[in-house]
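The values are calculated or read from the model by the stated rules, or taken from the named source; none is laboratory data. Everything numeric here is computed off the predicted structure, so don't read it as measured data. FYI the Cβ positions are ideal-geometry reconstructions off the backbone, even for glycines, and counts take in every protein chain you see. SASA here: full protein model, heavy atoms, side chains in, ligands and nucleic acids out. Shrake-Rupley method; radii C 1.70, N 1.55, O 1.52, S 1.80 Å.
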Amino acid sequence: GPTLLDLRCQTQSSLSQITWVFFSQQFCLLLGSCLGGGFGKRSLRLAQSLLALFASSLAISLVFAIIPLCHNVLVLAVVMAVAGLAMGCIDTISNMQLVKIYQKDSAIFLQALHFFVGFGALLSPLIADPFLSDTNCILANGTANASSNLPHIRKSLLPHHPGNLSRYDLPMKGMVVTRVSYAFWIMALINLPVPIAVFFLLYKERMVPCFNGSSHPLLPADELALETRPGDKDELSSAGHRPHPAAGHEDLFSCCQSKNFRGVSFTYFAVHITGALVLFMTDGIVGEYSGFVYSYAVEEPLAVVHKVAGYLPSLFWGFITLGRLISIPVSYRMKPATMVFINVVGVLITFLLLLIFSSSVVFLFVGTASLGLFLSSTFPSMLAYTEDILQYRGCATTVLVTGAGIGEMVLQLLVGSIIHDRGSYSFLVCGMIFGCLAFTFYALLVFFHRMYPKPSPELDEASPEKAAVPEDTGQYQR
């Protein structure tokens, strides 16, 4: 986000054109999330998932290294689309594999995973900030007004939503003066240890074709399933010889095949849909609030100065990261359903108080921090809760990740249009409506959970009594 203006200078494009570049990344991130579900099929082993993670994380480093060399806006859009595909695959595969490996214990690991997601979102703008242009990065005559408002323009830009920035005269021709290349090269180097670490895991697991020597496996099969109880060890050894009543995790397109719908109750679909709708709303709130809270603060009646308002998105992401860190030990003691309930109720109450004290700058900062805390653990808790309802045999991970991605993209565009037509106060009204809808869909999910058929002890190896035994244990054995 912060690099948008410098990339506009690098490609000598307009504000509208450069925001389409980031929209293409968001769209392909959503597409990559759908495709990433294909690596959760039971026919695909852990090796394929690790190889996909290796290729995707390596692609991100390569893309970040190439971005400074893109001087055409269309080329940049294609490169960013590739990055979006890779990020989407990583998102789905990492969530899905944690759920498959750890099952009922996955909530703790999902909270840890999403803590690092928030930490990265907080850290990357800080890395980019020293290399952003303080003045207009295309030198031309008559740009003093735009240069003086550059920080305001930078914080008001969103993917495919330039807003009311057309009044600023930003030149498209002239001498380009920008150092943003260094920010991307630093990020490429920082990311490089990730594919190296995944390759090391592949090597230790003897999954690299050319290097399958005598190294000891890093993750024995019984450790992948966490600690099995003494009575479950025999089940682990014989699980591979038993028929499995349902298909495993699949990509979004495979999930929609009619063969997967035979013999399932309507509550099976209802759990998937309501779970996805909760994340559609909550992740949509994350996207729209982080994107528009600055614009809301600088408008009347608050009229916060640009520099002070610029701290609001950072405060929001900072408390999301803090909340996810706190949620790691909390999820060990508290059920995912309870955590989601606290989250959605907290979001509702926070938006209600923000509406009541809409003229208070102090409470805007307090409410922003509170909203970040309550939204922080919604995604991993909802994922753990929904997978638990479905006994880890549905398409929940793929459907929920896709629903969250669509919500973040669609609601951001929707709120941007509403603010443009109705004014800045509608920003909080939209958030309140989305919060109410999230609570409603959560209540429906709890209702359908009550109706969902309980697992049969003699048919379901993944029942609560045998939760430590993975459904497809053979995937993790060599």
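Observations on the model:
- Scanning the range 279-290 for residues that are in contact with a Leu (Cβ under 7 Å, 6 or more places away or on another chain) and open to solvent by 10 Å² or more (accessible area, probe 1.4 Å) returns 281, 286.
- Hey, residue 384 in contact with a His (Cβ under 8 Å, 6 or more places away or on another chain) and under 19 Å from residue 95 (Cβ atoms) or not: no
- Among the residues of the range 313-341, those identified as among the aliphatic types (A, V, I, L, M) and either open to solvent by less than 70 Å² (accessible area, probe 1.4 Å) or in contact with a helix residue (DSSP H, G or I) (Cβ under 6 Å, 6 or more places away or on another chain) (or both) are 315, 320, 325, 328, 330, 334, 337, 339, 340.
- For the range 419-428, the condition of being in a helix (DSSP H, G or I), open to solvent by 10 Å² or more (accessible area, probe 1.4 Å) and touching a helix residue (DSSP H, G or I) at 6+ places or on another chain (Cβ under 6 Å) holds for at least one residue.
- Qualifying residues in the range 343-397 (those that are assigned to a helix (DSSP H, G or I) and free of Cβ contacts under 8 Å to residues at least 24 places away in the same chain) - the one least open to solvent (accessible area, probe 1.4 Å): 367
- Any pair with Cβ under 9 angstrom, 6 or more apart, that starts in the range 201-213 at a residue that is open to solvent by less than 90 Å² (accessible area, probe 1.4 Å) and ends at one that is of a type in the set (Val, Ile, Thr) and modelled with pLDDT under 80: 202/208
- Subset of the range 366-383 (residues that are among the β-branched types (Val, Ile, Thr) and closer than 18 Å to residue 309 by Cβ): 366, 368
- Neighbours by Cβ (under 7 Å, 6+ apart or cross-chain): first from the range 176-196, within 19 Å of residue 123 (Cβ to Cβ); second of a type in the set (Asp, Glu) and at pLDDT below 95: 180/6
- Number of residues in the range 303-312 that are within 23 Å of the chain's Cα centre (by Cα) and open to solvent by 30 Å² or more (accessible area, probe 1.4 Å): the value is 1.
- In the range 447-463, residue modelled with the lowest pLDDT [restricted to those that are out of contact with any helix residue (DSSP H, G or I) (no Cβ under 7 Å at 6 or more places or on another chain) and either closer than 16 Å to residue 277 by Cβ or not in a loop (DSSP other than H, G, I, E, B) (or both)]: 450
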